[in-house]
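Participant: Here it is: the structure, laid out below.
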Amino acid sequence: MGTSLPPALHTGSVLDAAMALLGMRLRTQFDDNITEVALTEVEAYNGPNDPASHAFRGKTPRNATMFGPPGRLYVYRSYGIHWCMNVVTGPPDDPAAVLLRGGMITRGERIAAMRRRRTDHLTDGPGKLAQALGVHGGHDGASLTTGPVRLLEAVHEVVSVERTPRIGISQAVERPWRFVAELHR
């Protein structure tokens, strides 16, 4: 049985979607290995209206997942090294996505540490987050309501949200589209 997504992921702006994702849980289950985080850091990318978006110059085989439908996982390789994951938002053919930058581990910390080959800084960056959860390019296009990677309702209250410019990009850096949440444990 699948889960339902918040309406902001398919009816609101990408900024509304980014805010709605804060505190939500992202769970992976591969075989008997379950890992889960509560999302604490995200960044919004608004397709053809955003020069920092992978969809800014149109649809390609690499970014096709961004063009919908919403509620899918868009996974890409950053700098040819790290897998990064995004939640596709908005209606089909309106490519917007929210980059998942960080989270608080709520389940499977030992498994995440084994995947990361360390015990600290497990999920404080988009590549680290994907690695800790076991997400890779083969998950591109996967539904977040069915299958091994799922977006689930929040169980931790969002106490505060800091809004900042996005980081790690070279275009449209002034847009305050990065959101960092403090969660009540």
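The values are calculated or read from the model by the stated rules, or taken from the named source; none is laboratory data. Everything quoted here is computed from the prediction, not taken from an experiment. Glycine also receives a Cβ, built like all others from the backbone with ideal geometry; neighbour counts cover every protein chain displayed. For accessibility, only protein heavy atoms count, side chains too; no ligands or nucleic acids. Shrake-Rupley method; radii C 1.70, N 1.55, O 1.52, S 1.80 Å.
Participant: Assess whether residue 119 counts as being without any contact (Cβ under 8 Å) to a residue 40 or more places away in the chain, β-branched (Val, Ile, Thr) and in a loop (DSSP other than H, G, I, E, B).
Facilitator: In short, yes.
Participant: Follow-up. Could you tell me whether the range 83-101 includes any residue that is over 25 Å from residue 169 (Cβ atoms), without any contact (Cβ under 8 Å) to a residue 24 or more places away in the chain and outside any helix (DSSP H, G or I)?
Facilitator: no
Participant: While we're looking at this one, here's another question. Being under 12 Å from the mean Cα position of the chain (by Cα) and either modelled with pLDDT under 95 or surrounded by fewer than 20 Cβ atoms within 10 Å (Cβ to Cβ) (or both) is the filter here; which residues of the range 103-138 pass it?
Facilitator: 125, 127
Participant: Would you please list the contacts, defined by Cβ atoms under 7 Å and residues six or more apart or on different chains, that run from a residue in the range 9-30 that is under 19 Å from residue 66 (Cα atoms) to a residue that is open to solvent by less than 10 Å² (accessible area, probe 1.4 Å) and among the aromatic types (Phe, Trp, Tyr)?
Facilitator: As it stands, the answer is 18/179; 19/179, since those pairs meet every condition given.
Participant: From the residues in the range 139-151 that are in contact (Cβ under 8 Å) with a residue 24 or more places away in the chain and either more than 19 Å from residue 69 (Cβ to Cβ) or assigned to a loop (DSSP other than H, G, I, E, B) (or both), which one is least open to solvent (accessible area, probe 1.4 Å)?
Facilitator: The extreme case among them is 144.
Participant: Please verify whether residue 40 is at pLDDT 95 or above and either more than 18 Å from residue 168 (Cβ to Cβ) or in contact with a helix residue (DSSP H, G or I) (Cβ under 9 Å, 6 or more places away or on another chain) (or both), treating the condition exactly as stated.
Facilitator: Criteria not met by residue 40.
Participant: Please specify each residue of the range 30-49 satisfying the condition of being more than 14 Å from residue 161 (Cα to Cα), part of a strand (DSSP E or B) and of a type in the set (D, E, K, R).
Facilitator: 36
Participant: Oh, and also: Please find, among 58, 68, 90, 80, the residue that is open to solvent by 30 Å² or more (accessible area, probe 1.4 Å) and small (Gly, Ala, Ser).
Facilitator: The match here is 80.
Participant: If I go through the range 175-185 residue by residue, how many of them are more than 26 Å from residue 64 (Cα to Cα) and either surrounded by fewer than 17 Cβ atoms within 10 Å (Cβ to Cβ) or touching a Leu at 6+ places or on another chain (Cβ under 7 Å) (or both)?
Facilitator: Here the count works out to 5.
Participant: Which members of the range 15-29 meet the condition of being open to solvent by 10 Å² or more (accessible area, probe 1.4 Å) and outside any loop (DSSP other than H, G, I, E, B)?
Facilitator: Within the range 15-29, 15, 16, 19, 20, 25, 27, 29 meet the criteria.
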